[in-house]
Amino acid sequence: MASLTIRQLDDRLKKLLRLRAAKSGRSVEDEVRTILRAAADEGSDGALPEAAAPKMTRRADAAPQTKRVLLIIGGGIAAYKSLDLIRRLKERGLSVRCILTKAAEHFVTPLSAGALVGEKVFTDLFDPAGEFDVGHIRLAREADLIVVAPATADLMAKMANGHADDLATAVLLAASSKILLAPAMNPLMWSNKATQRNLAQLAADGVALVGPNEGEMAESGERGTGRMAEPLEIVAAAEKIFGATADKPLAGKHILITAGPTHEPIDPVRYIANRSSGKQGHAIAAAAAAAGADVTLISGPVNLPDPTGLKLIKVETAREMLNAVGHALPADIAIFAAAVADWRVANAGEQKIKKKAGEKTPELSLTENPDILSTIAHLTAKRPTLVIGFAAETENVIANAQSKLARKGCDWILANDVSPQTGIMGGDNNTVQLVTADGVERWPTQTKQDVAAMLVARIAAEISKS
Ligand code: CTP
């Protein structure tokens with residue numbers, strides 16, 4: 001029997017086929033098979049019978065809930081690890097499609113990647129068979145997540161600038177699904193201002209990142225930041241992205257929260273403190289963890305049970321709190337609910353200060369503590385995307401909160417009136433007003449848990465915009 005390829009059909013037939021394939025969600029080749037099978041079954045006289053379209057695409061038919069990963073392998077020595085990545089992704093029941101860039105083909109072959117994926121690997125934007133069968137728009141549309149590993153400096157630069165001169169970049173530009181980058185490059189290329197500029201642009205565009213890690217480079221004797229994350233780390237990052245479902249809207253996000261008062265020593269047994277109970281900050285930490293976030297809670301001394309399901313760091317002084325916050329970065333979101341002492345004793349005694357009959361009472365000289373919220377909000381490199389502060393006020397609540405928002409450089413402020421008659425400081429309820437650059441929102445008086453839940457919902461809504 002003579003063989004016939006789709007390319008040999010006339011243009012009208014090709015167009016017809018393409019239309020039918022698109023309508024039924026099949027590849028053109030599958031559409032042809034379906035037509036021929038139906039024709040054979042019905043003893044057709046040669047007319048093209050209308051084959052019933054399947055309910056879902058071939059790939060979706062196989063497993064309706066299977067998440068689809070499109071892996072783009074860039075050209076770098078780390079590309080060999082991406083072969084293992086394919087295996088690891090498939091082990092977790094994810095369906096994997098693969099694109100190799102031209103540069104990647106110097107490191108791994110379409111044959112080896114294809115053998116692991118279990119289907120054809122895509123390489124060419126202008127491959128008539130490939131474009132006819134699947135097409136770059138469909139490759140982009142049919143992915144729930146696009147993983148670029150290794151993401152080279154060049155691929156990142158192209159993405160940041162919207163280039164589309166090969167299949168990988170055309171797919172990335174046409175994608176509406178989440179994109180996860182696993183960069184890999186020489187440390188000097190990674191730290192280069194141009195790469196860091198591109199990285200900042202990609203982060204602003206909502207692209208997620210895993211790695212790069214620090215360590216030995218392929219070039220002998222070279223060390224630094226630029227190693228691609230290990231396949232299992234990339235899989236974990238992908239799973240976190242998939243985990244961001246309705247009941248876990250903060251999955252994959254690192255949230256840093258300060259809570260409670262600080263204690264500033266006068267001497268080894270005495271200290272300056274305030275009335276903060278830590279209840280609001282601890283409630284926010286619990287709500288964020290319940291929403292799937294990876295939470296670091298940095299708490300001053302409180303009389304509350306240690307929360308579980310999050311990382312708790314206990315501190316006493318403002319300076320310890322700042323230090324712990326610095327070490328906990330990077331974070332996606334930072335919430336500063338602690339009532340940090342504004343001043344500490346400059347001349348704190350090394351030994352207990354003794355009272356001596358007839359001597360003058362000791363005088364405490366105070367010095368200003370670092371402002372943790374303001375320090376973090378003004379960072380350039382590691383600033384969390386959303387920085388939220390509180391404003392504890394006893395008068396002119398909104399005006400003071402608005403000036404704090406501007407002065408401290410944060411994105412949102414939760415303002416509350418902590419005058420003694422409100423019972424907020426140390427109490428179980430809270431009345432807050434959310435102050436942002438867009439205006440003021442008054443929230444009802446509610447339990448601190450409910451304030452926490454409302455804040456988490458607002459944060460989830462905010463990050464879902466990016
Ligand atoms: N804050 C901080 N570090 C400080 C002081 C305050 O991180 N040294 C944070 C608090 O956690 C809160 C916000 O700044 O999120 C505002 O704290 P607040 O006590 O209301 O204001 P102050 O900055 O202390 O200013 P003032 O005492 O003049 O009201």
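Remarks
- Screening Trp412 with (1) under 20 Å from Ser277 (Cβ atoms); (2) at pLDDT 95 or above gives one miss only, at (1).
- Residues within the stretch 228-285 that are of a type in the set (Ser, Thr, Tyr) and under 15 Å from the mean Cα position of the chain (by Cα), tallied: 1
- Residues (within 12 Å of the ligand (Cβ to nearest atom) and surrounded by fewer than 16 Cβ atoms within 10 Å (Cβ to Cβ)) located in the stretch 320-333: none
- Evaluation of Ile72 against the conditions (1) modelled with pLDDT of 70 or more; (2) farther than 24 Å from Ile137 by Cβ; (3) among the hydrophobic types (A, V, I, L, M, F, W, C) shows that the sole unmet condition is (2).
- Selection over the stretch 93-112 of residues that are of a type in the set (Lys, Arg) and in a strand (DSSP E or B) gives a count of 1.
- Any hit, the stretch 349-361, residues being within 27 Å of Ile463 (Cβ to Cβ) and either away from the ligand (no atom under 13 Å from the Cβ) or at pLDDT below 95 (or both): no
- In this entry, Trp443 is excluded by the filter for residues that are touching a strand residue (DSSP E or B) at 6+ places or on another chain (Cβ under 9 Å), within 12 Å of the ligand (Cβ to nearest atom) and of a type in the set (Phe, Trp, Tyr).
- Ala391 among the hydrophobic types (A, V, I, L, M, F, W, C) and either farther than 25 Å from Lys253 by Cβ or away from the ligand (no atom under 13 Å from the Cβ) (or both): no
- Exactly one residue out of Val340, Val397 is over 29 Å from the mean Cα position of the chain (by Cα) and either touching a residue at least 24 places away in the same chain (Cβ under 8 Å) or within 13 Å of the ligand (Cβ to nearest atom) (or both): that is Val397.
Yes/no matrix, rows are residues, columns are (1) without any contact (Cβ under 8 Å) to a residue 40 or more places away in the chain; (2) surrounded by 23 or more Cβ atoms within 10 Å (Cβ to Cβ); (3) in contact with an Asp or Glu (Cβ under 8 Å, 6 or more places away or on another chain):
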| position | (1), (2), (3) |
| --- | --- |
| Ala149 | no, yes, no |
| Lys158 | yes, no, yes |
| His163 | yes, no, no |
| Asn186 | no, no, yes |
| Trp190 | yes, no, no |
| Leu199 | no, no, no |
| Gly215 | yes, no, no |
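- Only one of the numbered conditions (1) among the hydrophobic types (A, V, I, L, M, F, W, C); (2) at pLDDT 90 or above; (3) surrounded by 17 or more Cβ atoms within 10 Å (Cβ to Cβ) is violated by Leu304, and that is (3).
- The listed residues are Leu379, Leu364, Leu434, Leu386, and the only one of them that is more than 8 Å from the ligand (Cβ to nearest atom) and modelled with pLDDT under 95 turns out to be Leu364.
- Taken together, Ala289, Ala283 contain a single residue that is assigned by TED's automatic domain parsing to the domain that holds Gln446, outside any loop (DSSP other than H, G, I, E, B) and surrounded by fewer than 24 Cβ atoms within 10 Å (Cβ to Cβ), which is Ala289.
- Selection of the stretch 239-280 for residues being surrounded by 19 or more Cβ atoms within 10 Å (Cβ to Cβ), under 23 Å from His327 (Cβ atoms) and at pLDDT below 90 yields only Gly252.
The values are calculated or read from the model by the stated rules, or taken from the named source; none is laboratory data. Because the structure is a prediction, the values reported are computed rather than measured. Because the Cβ atoms are built from the backbone with ideal geometry, glycine has one as well, and the counts that use them run over all protein chains shown.
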